[in-house]
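To start, the structure under review is shown below, and the notes come after it.
Derivation of every value follows stated rules applied to the coordinates shown; laboratory data play no part. Remember, predicted model here, so these are calculated numbers, not experimental data. Glycine also receives a Cβ, built like all others from the backbone with ideal geometry; neighbour counts cover every protein chain displayed.
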Amino acid sequence: MNEQLLKQKLTDLGADLVGFSRLEESPIKGSDLVYAVTVAVKLPDAVLKTINERPTIEYFHEYRTANAILDQIVFLGSRIIEKLGYEAFPVAASQSSIDRKDGYSGLYPHKTSARLSGLGFIGRNGLFISTKYGSKVRLATIYTNMPVTAEYPVIENGCKGCNACKNACPAGAITGNDFDPEKGREHIFNAEKCSKNMKTYQNVGRGAVCGICIKVCPYNKL
């Protein structure tokens, strides 16, 4: 009952997708917050279409706006969970930390819990690809000790041999390998190469976005 109530309230706050999963251990040290609530917001199709061989300022603004909406949803969602008598830890949409080993990672990857929720899969581009909206979504997460259960089975290797993102990536950051939960991110994606290439777009959000691999993904149906 709590799950469906929470899903409805998060949807009312602006979430396009809500999923649930249970982790092997909590990413919050010393806590029992082993359950995850995934929240996704879809990016506008018309804006993604403006991306060609480089990102656009319009895409940057919508990317940043989607992050702000997600941050508000998970913050308010955490308050809802607390009112139900549980603990909740909201994690912002963009939360890379210098405390992480490579400087490109966050507290716990949003896409990891999103994958476990069954809402989609992790693609060859290293992004979460939802079954409903493709990779044109941004994610945020709430960790909690409120018991929740995934509604859908985990999807494996949904790219099915597609190399559209690898062929389009200007940084050469995508290996073309399928995601493997037993292997590190570098098996499919080189975050450093991606970051260095984004910094060449200094006139677009000071080099904070790219979006080309999102634009070309067949799941997006743009």
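Descriptive notes on the structure:
- Gap separating the Cα centres of region 176-192 and region 105-139, nearest whole Å: 14 Å
- Assuming charge only on the beta carbon of Lys and Arg (+1) and of Asp and Glu (-1), the dipole of region 68-197 about its Cα centre is about 400 debye to the nearest 20.
- Kirkwood hydrodynamic radius of the chain, Cα pairs, Å: 17.7 Å
- Dipole of the chain, positive end: most advanced residue of 52, 63, 198 [Cβ charges, Cα centre]: 52
- Virtual spin-label span in nm between residue 24 and residue 53, 7 Å along Cα→Cβ: 4.4 nm
- In the chain, excluding the sites themselves, the longest stretch lacking any of the trypsin sites (Lys or Arg not before Pro) that are in a DSSP loop with at most 15 other Cβ atoms within 10 Å is 50-99.
- Kirkwood Rh, Cα atoms: Rg over Rh of region 104-222: 0.97
- In a DSSP loop and with at most 15 other Cβ atoms within 10 Å, the GluC sites (Glu not before Pro) in region 167-222 are 182.
- Were the residues from residue 206 through residue 84 laid out at 0.36 nm apart, the gain over their Cα-Cα distance would be 39.8 nm.
- Restraint check, 136/221; 132/183; 132/215, Cα-Cα greater than 19 Å: 132/183
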